[in-house]
Every structure is written in structure tokens, then in C-alpha cells.
Amino acid sequence: MSAPDRPGSDTAAPRVWAISDGAAGNERQALALAAALGVEAEVKRIALRAPWRWVAPRWLRGAQRAFEPALQPPWPDLAIGCGRHAALATRALRAWNGASTFTVQILDPRIDPAAFDVVIAPRHDGMHGPNVIETLGSLNPIDDAWLAAGRAAFAPLAGLPPPLTALLVGGPRRGAHAGTAAFAAFVAPIARRLEREGGTLLVTVSRRTPPAWRAHLHGAFASGCVQFWDGPEDGPNPYAGYLAHAARIAVTPDSVNMLSEACAVGVPVLSRLPRGARGRLAAFHAGLRDAGRLFDLDDPTPGSPPAPLRETATVAAEVRRRWDAQRAANTGAPTPSP
């Protein structure tokens, strides 16, 4: 295929793109890695045109037209993509700009990982290769500083009746909860715990949460103190504050990102997959349970909190090492010491 012009970078700071299809979870992972690398990333949201969106990240002729006008030269020094559509972009940048653009793809691109400089994939994806970095969960920005900022921004939460339990609600997903009845069965043990132990329940929903689930949540808790965030009309999103103040966190089983972020806090995390669930999501849940980081909704609170699951900094250090090695090879300079 033909390639657009390839002007080089003329700035001292590296030009970095964080590429996604606009899905919040994908963009968040790309930006979390950029932040951990200590670089400022320009967000590139792509909406692939047909027919490329049907087959991405596999090649079709004229692929440069798939991204117009979102991706134009000058090309970046580092491209971080997350998701299948972004994988076509990072793959294309590597073809167009060669070793001058270091390409990092987050999540299994479902093609040979050799099409990228680095692929970062959770263990449950089952991807292997010399340029694959495996993680247990998803990349995220949560560390002590992030939690401290959330604690300060939502300081009044500390005055609510303890213990504080955060409930993070996603949406339907194949292999997880698909209907309101199944969701109600998930919520019931949380309501019983609140009735039995008292304290405060901090509920937040996502853009994927259907109206029927939201309606059920509003009537599901007859006792205890309940704080409910149902969208911007309820004020600023307290998600960071909920995680920072919670003594434990319950998460619907559908979201790898929310479960990973909850496990990064360092408090007990509760969830429950439907009986008989299989596939990658079930493997992810099993990996968290085997690591002592995830508990069932009816399990007693562990005597000591689990260590936080924080993989982003370690992943960033390995990406930096490989990126530095490639830049040194391009310029003939020695590779920087770790």
C-alpha cells in the first residue's frame, strides 16, 4: 500500500499519540501508560470508515484513508493504541514511519504481535511472544497520589457512617449479567450486608448501565446510608472519592477495567460471576481470586487487606527500556542505563 509523507519530529520533547476508538476504558489505559512514562500524549480518537472498521486491524488497500482526518503527519515518536480499531492505526504508523515511530498496542490485537513494537495484554487473553508484556489486569492511573487527590476532593465522604462500601456498576455483557433479574440477584447480597452491618453504600453507575438497572438500584436498599451518583445531574463524578474512602469495593463482574482499578486501591474487592461462566472474563476473575485479590459477595471481610494491584509503573518501565533501545539503535547512541 502507498504511504503518506513522513516528516520527522522537530521538537525536543517526544511527540506522543494516545489512540483509541473513543471508548472511555480504552482511552484511559492509553493515557495511564503515557502518564507513567512521563510523557504528554495527544489524544487521537478514530472512527474507522467502512470497510476498514469491519476487518481492523487487518490490512485493506488504501488504509490511510480509513483514518482521515484524525491522523495526519507529522507522525509521532511514540504511538500508544488501545483496542482493535486503534491497532490498525498503530500498525499503519509502524509501516509508514518505520522505526521512527515506536508502536505500543494495548489489549490483544488478534493478529501476530510482531506487527507492533510492544503488545501489552492481560494474561487471560492468552497472548505470548518476545514483544508481549503480560499483565493480570488492565492499566490504570491509580496510585497513592491519585487516591490522595480523590480523598481530598471528596473529603465529606469521610464523615459518613462507617464502614463505607463502594458499589461500581457497569452494564450487560455476554458471560456476565445480561438482564435485570440477574442484576437484581447480584445486588441482593450487598443489600443484605448493608442491612446486617450498617454503614454507608456509595453507588456509582457508568455510561453502559441500562435504565432498568438504575431504576432497580434506586429501590434496592431499604436500610443504611446510601449515596447514589446517577450522572452529571448529581454533580461531579465521585468515582475517585468513592475508591479513596471505601473500606471495601463491590464491582459488577462485567468490567475488567473497573475490577482492575478496584484491586489497585488495596481494600477487599467483591464480585460474582454467574454460575457456569466461561471464557476470558471467567479466566480473569479466576486469576484475581487465585492471587487473593477478589472475593465473593458473601465472603467475610478478610482480616488484612490485600496488597494493591498496581502494574502500570512496572509495564511503563519495560516499555521505556525497549523504546530507549530502539531510539539508541536508530541514532547509534548507547542505550541508556536502567
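The values are calculated or read from the model by the stated rules, or taken from the named source; none is laboratory data. Just so it is clear, the structure is predicted and the values come from calculations on it, not from any experiment. Methodologically, a virtual Cβ is constructed for each residue, glycine included, from the backbone with ideal geometry; neighbour enumeration extends over all protein chains shown.
The condition of being of a type outside the set (D, E, K, R) and at pLDDT 90 or above holds for only one of Leu93, Leu48, Leu60, that being Leu93. When the test is whether a residue is in contact (Cβ under 8 Å) with a residue 12 or more places away in the chain and assigned to a helix (DSSP H, G or I), Arg280 passes it.
Take Arg327 and tell me if it is modelled with pLDDT under 95, charged (D, E, K, R) and outside the structural domain of Val267 (by TED's automatic domain parsing).
Working: modelled with pLDDT under 95: yes; charged (D, E, K, R): yes; outside the structural domain of Val267 (by TED's automatic domain parsing): yes.
Yes; evaluated as a whole, the condition is true for this residue.
Of all residues in region 26-42, those that are part of a helix (DSSP H, G or I) have Cβ atoms under 8 Å from Cβ atoms of residues that are of a type in the set (Asp, Glu), 6 or more apart or on another chain, in Ala34/Glu40. Could you look through region 159-169, keep only residues that are farther than 11 Å from Ala250 by Cα and assigned to a loop (DSSP other than H, G, I, E, B), and pick out the one that is nearest to the chain's Cα centre (by Cα)? My answer is Pro163. Counting only helices (runs of 4 or more DSSP H) wholly contained in region 179-271, the ones carrying 1 or more residues that are over 30 Å from Ala283 (Cα atoms), free of Cβ contacts under 8 Å to residues at least 40 places away in the same chain and touching a strand residue (DSSP E or B) at 6+ places or on another chain (Cβ under 8 Å) occupy 211-218. Considering region 1-25, and only residues there that are assigned to a loop (DSSP other than H, G, I, E, B) and at pLDDT 80 or above, the residue that is nearest to Pro76 (Cα to Cα) turns out to be Arg15.
Scanning region 284-312 for residues that are among the small types (Gly, Ala, Ser) and exposed (fewer than 13 other Cβ atoms within 10 Å of the Cβ), which turns out modelled with the lowest pLDDT? Explain how you work it out, then say what you get.
Step one: filter region 284-312 for residues among the small types (Gly, Ala, Ser), giving 286-287, 291-292, 303-304, 307.
Then drop every residue that is not exposed (fewer than 13 other Cβ atoms within 10 Å of the Cβ), which leaves 292, 303-304, 307.
On the way: Gly292: 93, Gly303: 79, Ser304: 84, Ala307: 93.
Only one residue tops the list, namely Gly303.
Suppose the filter is at negative phi, modelled with pLDDT of 95 or more and surrounded by fewer than 22 Cβ atoms within 10 Å (Cβ to Cβ); does Phe221 pass it? When the stated conditions are applied, Phe221 does not pass them.
Just so you know, in region 96-121 the residues that are of a type in the set (A, V, I, L, M) and under 21 Å from the mean Cα position of the chain (by Cα) include one that is modelled with the lowest pLDDT, and it is Ile111.
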